[in-house]
1. So in the range 346-376, with the set limited to residues that are among the aliphatic types (A, V, I, L, M) and over 21 Å from VAL319 (Cβ atoms), which one is surrounded by the fewest Cβ atoms within 10 Å (Cβ to Cβ)?
2. Looking at (1) surrounded by fewer than 18 Cβ atoms within 10 Å (Cβ to Cβ); (2) modelled with pLDDT of 90 or more; (3) under 28 Å from the mean Cα position of the chain (by Cα), can you tell me which one SER288 breaks?
3. List every residue pair whose Cβ atoms sit under 6 Å apart, with the two residues 6 or more apart in sequence or on different chains, where the first one lies in the range 69-97 and is buried (at least 22 other Cβ atoms within 10 Å of the Cβ) and the second, anywhere, is among the basic types (Lys, Arg) and modelled with pLDDT under 95.
4. Given the structure, is GLU440 among the acidic types (Asp, Glu), assigned to a strand (DSSP E or B) and at pLDDT below 95?
5. Which one of GLY82, GLY37 is at positive phi and at pLDDT below 90?
6. Report yes if some residue within the range 421-428 is surrounded by 19 or more Cβ atoms within 10 Å (Cβ to Cβ) and in contact with a Ser or Thr (Cβ under 8 Å, 6 or more places away or on another chain); otherwise report no.
7. Could you list, in sequence order, all residues of the range 414-437 that are in contact (Cβ under 8 Å) with a residue 60 or more places away in the chain, of a type in the set (Gly, Ala, Ser) and under 20 Å from GLU76 (Cβ atoms)?
8. Are there any pairs, at least 6 apart or on different chains, whose C-beta atoms fall under 6 Å, with the first in the range 192-207 and touching a residue at least 12 places away in the same chain (Cβ under 8 Å) and the second surrounded by 15 or more Cβ atoms within 10 Å (Cβ to Cβ) and of a type in the set (Asp, Glu), and if so, which?
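The values are calculated or read from the model by the stated rules, or taken from the named source; none is laboratory data. What you see is a predicted model, and the numbers here were worked out from it, not measured in a lab. Glycine also receives a Cβ, built like all others from the backbone with ideal geometry; neighbour counts cover every protein chain displayed.
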Amino acid sequence: MAIAVMQVIPSKFKLQYSRKLVNFGKYFLISLVLLLGLHLVAYANNPEVILQPEWTANLETSTPLITTGEMVFAIENQKYSGEPRDYLANLVAINTASGKVQWQQQLPSHQTLGSRKLILENGTIYASHDNGVVGFEPETGSPKASFKYTEYMDGGIRDRLMGIHQDIAVYGDSIPIDDSPSSRMDYQTKVYGSTKEKTLWSYQLPKTNGLIGIQAINPVVQNGILLLPSFHDTTAGRLEQFTVIDVASGKVLWTWEAPQDPNGLWSANVFGDTIYTSVFGNTKTQPSGRIRAIALQTGKEKWSYVITGKVKAVSDREVLIWEPKQNSRGNFVVLDKETGRFLRRFTVNRVYDNDPQHLTWVDGQVYIEDMEIKNVTLGFYGSADNNSWVSAFDDKTGKLLWRTPTLMNSHIYYPPIVTGIADNPEKKRLIFASNFLRTEGSSKLQSFLIP
């Protein structure tokens, strides 16, 4: 019978063996901590932290994006179909978590590229077309509503849809006036408030040079009120005007007008219940200007602040102003929303340091589109490689936190959107669209998890 022999390891040997294991573990942990520390330091000091997209959808958008949180909506351009002009498009609903198309609906005919409008109002997603507006159920894409414009008039400017409030669509027509004494074109402009059953009210502006006329200030429907900018030329100069109308009744709440002069209106933006107007002026020594906060309901001034700049975004407590400065990469000034009191100023470093056209301000971060222009060639129109991305900056220091990858030969025409994540309220995602400018390649809609 075989007898098993137990091998006895001396205590001294066991102690040395255990000590080696302990030392190995200790050195391994120290190395791991050092590597992690170096990684964190490198990450913190790296000005080019580039996040990769959570998902990408290949589509060309023709309107700003709209989201319900669970889905993001975009109007997708299809190929131009030839003569007669007919720019086909689909309304597309994409799941924000997966990037998958949930549903799509082909929209009615449109004769003008890029002038469609997309609106989410009262549980319906609306899209405009040549002869009216169609609405769909956001979750399923089922047809839900349809508005028809008034009878079409030849020579008019159509599809000036401004907004929808409580199932009332607000739109306007501008009809040329033939008996103009000069070569410039004058218009008769009429605005309508309509439900899907009937027209509730109409309002005719005095003689104008078009419905939209003050710089790049567009009509806005906000909180049940229509802000209608227009202008017309007089012998004394150009007269700029605001008409503010209650959407439900069609009643004019107040009007404002001012002659065009060196201290003329530069911009006007509606955020919540306030209009922020920017007047740009020049003194003998340096540029000067003023921001005014005006109550949308009454037209009364809330506060004003001396600065040459434009209001770009508003949070629940603060107002963000872009301040153009020579030899600067872009200054931002932050004011108190209620009083106009100065709070802070910060600078962001961008490659394309002109006025940022599209930015989003959420949770202490400012998301701004950026662009690198390369290989410029001159010609009748000229051309260049316009490579774009979105950067995230801290709104206290202006520090670059991270950015998206570079999109080659693309433009970002609309502001990014930030939406929450349903199963993780602490986390959010950034979604934006880019449009490809060449015959080859593709436009993209991309989502990024915000770190």
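1. To start, the set of residues in the range 346-376 that are among the aliphatic types (A, V, I, L, M) comprises 348, 351, 359, 362, 366, 368, 371, 373, 376.
If we keep only those that are over 21 Å from VAL319 (Cβ atoms) too, we end up with 351, 371, 373, 376.
Details: VAL351: 13, MET371: 18, ILE373: 12, VAL376: 10.
That would be VAL376.
2. Going through (1) surrounded by fewer than 18 Cβ atoms within 10 Å (Cβ to Cβ); (2) modelled with pLDDT of 90 or more; (3) under 28 Å from the mean Cα position of the chain (by Cα) one by one, SER288 breaks only (2).
3. Qualifying pairs under 6 Å: ILE75/ARG116.
4. no
5. The match here is GLY82.
6. From the range 421-428, those surrounded by 19 or more Cβ atoms within 10 Å (Cβ to Cβ) are none; that's our starting set.
No; the residues of the range 421-428 include none that is surrounded by 19 or more Cβ atoms within 10 Å (Cβ to Cβ) and in contact with a Ser or Thr (Cβ under 8 Å, 6 or more places away or on another chain).
7. ALA433
8. Between residues of the range 192-207 that are touching a residue at least 12 places away in the same chain (Cβ under 8 Å) and residues that are surrounded by 15 or more Cβ atoms within 10 Å (Cβ to Cβ) and of a type in the set (Asp, Glu), the close pairs are THR195/ASP167; LYS207/ASP186.
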